[in-house]
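Asker: First the structure, then my questions, so here it is.
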Amino acid sequence: MARKRGRRVAPSSDHHETGAKTSTRPDQFSEAAASDRKLITIFIVFFVVIPAVSVLVYRIKYAPNKDSSYPQFQEDGLVKTDVDYQEILDENSKVLKNESHRHYTYPVLAYITPWNSKGYEMAKRFTNKFTILSPVWYDLKSQGTGLVLEGRHNADMGWISELRRNGNALVLPRVVLEAFPKELLKKKKLRDKAIDLIISECKEMEYDGIVLESWSRWAAYGILHDPELRNKALQFIKQLGHAMHSVSSSRNGKQYLQLVYVIGPPYAEKLQPHDFGPEDLQSLSDDVDGFSFMTYDFSSPHNPGPNAPLKWIRFTLQILLGNSGARALANKIFLGINFYGNDFVISEGSEGGGAITGREYLSLLEKHKPKLQWEKNSGEHFFLYVDDEHINHAVFYPSLMSISIRLEEARLQGVGISIWEIGQGLDYFFNLL
């Protein structure tokens, strides 16, 4: 079962629950979002399929270039908007013969979670398609007046060894900074201790670096609304990055330890204090090797809809890379792509539902045999069904088409991608990478 995700307003160690969304969406985007919601509502009431002409126009406009991407899939006709549920059931487990060949040549960061063992298998099977593999293993916590790094019990060194025998992907475990932020940021002794704990773990376990998540927690604690603490937060990340870059990798003496930093999407053209913006990107660029940009979780059980509308993704990238200085750093961005979906309750007067994995998605297809619909404004497939208790549901889950147009968007923007998380997808998704 995929973990249930909140709206990123409270501290958590899971991507699906972290981040801050205290500001409203921008006026220029809210109109498009409202249009999406209205369209979905019309579908729910009348079960009307998108007009064929709109589908044709969208396919012509957004289909990936056949000469450069996914030739076998294009020949088989699987990357399309008018997909049938039976086709997904029949084809989802089929992968191309050459599992190591990369079609998507930009950097790819893939997350793996301990609670979903399939991710470990996918990482081994498709190692050469990834640039960075980030197992979600560690939490840095306050303990009395000090700090402790928890999570080594999650580490699987046999798995790492097998990855390294089969490919060159860097292993950067994720570390969530859960320590009390005010104490950490104000006390030099604690900051130095945090950095020492992280670097010592990288050396002992022969990691290539870490992926650090802290911004969303700092936002939830209100730290980023205080100009002094906000500046200290940025300085801490720079200090950590500088320290890691001073240490050679245990596996490769010519390479230093890498730092990737997790950031959430801005929700207003006028950035709020808790938003990570272009000036922050430029400030950290010398000391951070990459930025994992969480462009998913647009909708929730309280506000059902697409997982990550394409217009919204473009908007957030435009804000983050808004000036010329930030635009030059596009190659350090890993654009977030979800491999999970959502099953929302949409009956009047009810709300609920949450994240689903590929296995759960296939079970819903097999049981309900739904008509899949393509929502052209968001660039996502969805379907409707009524459960055994006569409650209406809307299911949004990635498809070959939705993933391929996001890969193409990332390519056009000159950014890499980060996948949350590879154990939740369908096998044939990896043919696109």
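Asker: Looking at the range 317-334, is at least one residue within 29 Å of E91 (Cβ to Cβ), buried (at least 20 other Cβ atoms within 10 Å of the Cβ) and modelled with pLDDT of 95 or more?
Answerer: yes
Asker: Return only the number of the condition from (1) in contact with a Leu (Cβ under 6 Å, 6 or more places away or on another chain); (2) modelled with pLDDT of 95 or more that H274 does not satisfy.
Answerer: (2)
Asker: Among V95, V108, V79, V136, which is touching a Pro at 6+ places or on another chain (Cβ under 8 Å), over 21 Å from V176 (Cβ atoms) and among the hydrophobic types (A, V, I, L, M, F, W, C)?
Answerer: The match here is V79.
Asker: Could you figure out which of (1) open to solvent by 10 Å² or more (accessible area, probe 1.4 Å); (2) in contact with a Lys or Arg (Cβ under 7 Å, 6 or more places away or on another chain) isn't true of N392?
Answerer: That leaves (2) as the condition not met.
Asker: Checking the conditions here, which among N307, N231, N303 is over 22 Å from E409 (Cα atoms) and in contact with a helix residue (DSSP H, G or I) (Cβ under 9 Å, 6 or more places away or on another chain)?
Answerer: The conditions single out N303.
Asker: Kindly indicate whether any position in the range 284-300 is modelled with pLDDT of 95 or more, surrounded by fewer than 20 Cβ atoms within 10 Å (Cβ to Cβ) and among the small types (G, A, S).
Answerer: Yes, that holds for at least one residue.
Asker: While we're on this one: For the range 246-279, name all the residues that are farther than 30 Å from Q318 by Cβ and open to solvent by 20 Å² or more (accessible area, probe 1.4 Å).
Answerer: Result: S246, V247, S248, S250, R251, N252, G253, K254, Q255, Y256.
Asker: Considering the range 216-241 alone, what residues qualify as being within 23 Å of Y256 (Cβ to Cβ) and open to solvent by 10 Å² or more (accessible area, probe 1.4 Å)?
Answerer: Matches in the range 216-241: L234, Q235, K238, Q239.
Asker: Out of E99, E121, which single residue is under 17 Å from L426 (Cα atoms), open to solvent by 10 Å² or more (accessible area, probe 1.4 Å) and not in a helix (DSSP H, G or I)?
Answerer: One residue alone meets the criteria, E99.
Asker: Does L364 qualify as being in contact with a His (Cβ under 9 Å, 6 or more places away or on another chain), within 14 Å of L89 (Cβ to Cβ) and open to solvent by 20 Å² or more (accessible area, probe 1.4 Å)?
Answerer: Yes, satisfied.
Asker: Any residue in the range 362-381 that's at positive phi: show its pairings with residues that are part of a loop (DSSP other than H, G, I, E, B) at Cβ separation under 6 Å, as long as the two are six or more apart or on different chains.
Answerer: Every condition considered, no pair remains.
The values are calculated or read from the model by the stated rules, or taken from the named source; none is laboratory data. If you're wondering where the values come from, they're calculated on a predicted model, not measured in any experiment. Here Cβ is always computed from backbone atoms with ideal geometry, including for glycine, and neighbour counts include all displayed protein chains. Protein only, heavy atoms only, side chains kept; ligands, DNA and RNA dropped before computing areas. Shrake-Rupley method; radii C 1.70, N 1.55, O 1.52, S 1.80 Å.
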